[in-house]
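The block underneath contains the structure these notes are about, expressed in structure tokens.
Each reported figure results from applying straightforward, stated rules to the coordinates on display, with no laboratory input. Remember, it's a predicted structure, so these values are computed and weren't measured experimentally.
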Amino acid sequence: METKKILQEWTNGYESVYHLNDDFEDSTSNNYDATNSGTSDIVGLLTDAQDFEGSDNSDHLDLGTWNVAGDDLTIQTWAKFESFTEPSRLLSKAQSTTATDNHVYALGVDTSGLPFFYLKSCDVDSCATSVLSDSDSLQSGRWNLVTATYDGSSMRLFVNGTQIAISSESGDIRQNSWDIYAGNNPTALDRDFDGILDEIRISSNARSGNWLTAEYNNQVSSETFYSLGIPEQFGFT
């Protein structure tokens with residue numbers, strides 16, 4: 001019997017959404033399904049997630065070679081770090097070595113747990129990639145919603161819906177055939193993420209701070225994000 005993929009209607013600029021709940025399918029109609037190499041199922045924040053071992057230089061998800069056009073971007077994922085033994089990538093569209101200019105975009109952390117955002121907003125592969133980073137470290141053993149956005153004038157970093165860094169930037173996001181990986185850097189495979197990733201999303205618009213705060217609150221505790229009152233009784237005559 002043929003198994004058909006059931007899609008949720010993801011609008012508002014979502015290019016790809018990966019729930020990582022025992023599968024690696026893109027939940028949008030774009031069908032940018034991922035290929036898993038080495039990660040394993042584990043209990044996540046929302047449902048199940050994927051566990052990445054940071055010591056073997058191999059675990060990653062290959063999301064394909066597609067592009068986000070224009071000058072708007074949001075990349076985000078829930079991440080629970082186990083260690084910061086080496087600079088790691090949560091999401092990365094890149095090639096060859098791990099040099100900064102070999103990235104179209106990347107969301108990652110350094111060995112001190114400091115988050116950073118790479119972005120190449122120019123019309124040739126060889127142009128410089130801009131870097132935005134923060135001075136406050138993330139903590140291991142805790143879930144964090146890590147997000148980077150670009151709106152054609154500013155690069156921003158958010159953690160748990162709160163903006164932590166901003167810098168000026170302009171130009172369209174570079175489009176090319178470089179791979180997109182989660183949990184490692186394409187080709188080089190030496191920027192291992194050590195921990196758990198859940199709910200990866202890439203969008204072709206820049207989510208606002210209010211959007212990201214609401215998203216964080218809804219996902220971390222949907223029971224308290226909103227409530228329904230007691231239904232009112234109406235009589236009819």
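Odds and ends about this structure:
- Value at 222 nm in deg cm²/dmol, rounded to 500, when DSSP H runs of n ≥ 4 in the chain each add -39,500 (n - 2.57): -2000 deg cm²/dmol
- Relative intensity, log₁₀ I(q)/I(0), of the chain from a Debye sum that treats every alpha carbon as a point, q = 0.10, 0.11, 0.15 Å⁻¹: -0.44, -0.53, -0.98
- Relative to the dominant Cα principal axis of the chain, helix 209-220 is inclined by about 70°.
- Relative contact order [Cα under 8 Å, 6+ residues apart], the chain, whole percent: 27 percent
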